[in-house]
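The values are calculated or read from the model by the stated rules, or taken from the named source; none is laboratory data. Since this is a predicted model, take the numbers as computed values, not measurements. All Cβ positions, glycine included, derive from the backbone under ideal geometry; neighbour counts span all protein chains shown. Please note that ligands, DNA and RNA were not included when accessible areas were found on the heavy atoms of the full protein model with its side chains. Shrake-Rupley method; radii C 1.70, N 1.55, O 1.52, S 1.80 Å.
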Amino acid sequence: MVKKKACIFISGSGTNLRSIIKNSRDYNFPVNINLIISNKKSAKGISFAKKFSIPHIILDVKKEKFEKIAIKELIERKINLVCLAGFMKVLSKNFIRNFKGKIINIHPSLLPKYKGLNTFKRVMQAGEKITGCTVHFVDEKLDNGKIILKKRVLVNKNETPENLKKKVQLEEYKAYSIAIRKIYNLS
Ligand code: GRF
């Protein structure tokens, strides 16, 4: 199987990045991680690029410049899929149009519920009994594109947002790679 080329965008700890890298080493996984782009020079996740010897670019600059350089790199390196993993910049309509249907994201709630930030706190305040995570295509609206996969997590009584985050993230690590396989009809 000829693997497609993927680039992962990060801003923070990069634990989803780490799990995708690990899964991508399986010869049956549909993509290789060919590039990592961070918009924060302080992002801890950059350490995984180094650890696994994956090319990485740090673009800690204003959005316009970030997107100009990122678009050039993605095109030159013939990247087929962009995975947003804890990437905290909202991409412009122009950027999204350039890679229509090729950008995916993971969000820590069962979309369309709880778009945006602070999902765990809001889920608990609303008294939800079930939450989870969603992998979806990125369109021009925030946390809105076509859903690829959702994974559910039970919210216990006396749960803290921090604990709920840990539980949801464990599901995210599975969900992201299953979703990538699904895009290429492998699961
Ligand atoms: C994840 O919980 C993801 O759902 C959200 O940002 C977090 C990123 O965590 N979009 P990490 O950087 O992968 O550790």
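Answer yes if at least one residue in the range 19-42 is among the small types (Gly, Ala, Ser), away from the ligand (no atom under 16 Å from the Cβ) and buried (at least 21 other Cβ atoms within 10 Å of the Cβ), and no otherwise.
So far as the range 19-42 goes, no, none of its residues is among the small types (Gly, Ala, Ser), away from the ligand (no atom under 16 Å from the Cβ) and buried (at least 21 other Cβ atoms within 10 Å of the Cβ).
Here are the criteria: (1) in contact with a helix residue (DSSP H, G or I) (Cβ under 9 Å, 6 or more places away or on another chain); (2) closer than 21 Å to residue 14 by Cβ. Tell me which single one residue 69 does not satisfy.
Among (1) in contact with a helix residue (DSSP H, G or I) (Cβ under 9 Å, 6 or more places away or on another chain); (2) closer than 21 Å to residue 14 by Cβ, the lone unmet condition for residue 69 is (1).
Among 159, 171, which is the only one that is closer than 23 Å to residue 126 by Cα, open to solvent by less than 70 Å² (accessible area, probe 1.4 Å) and in a helix (DSSP H, G or I)?
171
With (1) at pLDDT 95 or above; (2) over 15 Å from the mean Cα position of the chain (by Cα); (3) basic (Lys, Arg) as the list, and residue 100 as the residue in question, which single condition is left unmet?
(1)
So for the range 43-57 (the condition being more than 16 Å from the ligand (Cβ to nearest atom), touching a strand residue (DSSP E or B) at 6+ places or on another chain (Cβ under 7 Å), without any contact (Cβ under 8 Å) to a residue 24 or more places away in the chain and farther than 18 Å from residue 148 by Cβ), does at least one residue qualify?
yes
Select from the range 105-129 the residues that are within 11 Å of the ligand (Cβ to nearest atom) and among the polar types (S, T, N, Q) and list them in ascending order.
Across the range 105-129, the qualifying residues are 105, 109, 119.
Please go through the range 71-114 and pick out each residue that is free of Cβ contacts under 8 Å to residues at least 40 places away in the same chain, surrounded by fewer than 19 Cβ atoms within 10 Å (Cβ to Cβ) and among the hydrophobic types (A, V, I, L, M, F, W, C).
Across the range 71-114, the qualifying residues are 71, 75.
When only residues in the range 124-143 that are of a type in the set (A, V, I, L, M, F, W, C) and more than 22 Å from residue 178 (Cβ to Cβ) count, which is most open to solvent (accessible area, probe 1.4 Å)?
Selected residue: 142.
Kindly indicate whether any position in the range 144-153 is open to solvent by less than 20 Å² (accessible area, probe 1.4 Å), part of a loop (DSSP other than H, G, I, E, B) and within 13 Å of residue 107 (Cβ to Cβ).
yes
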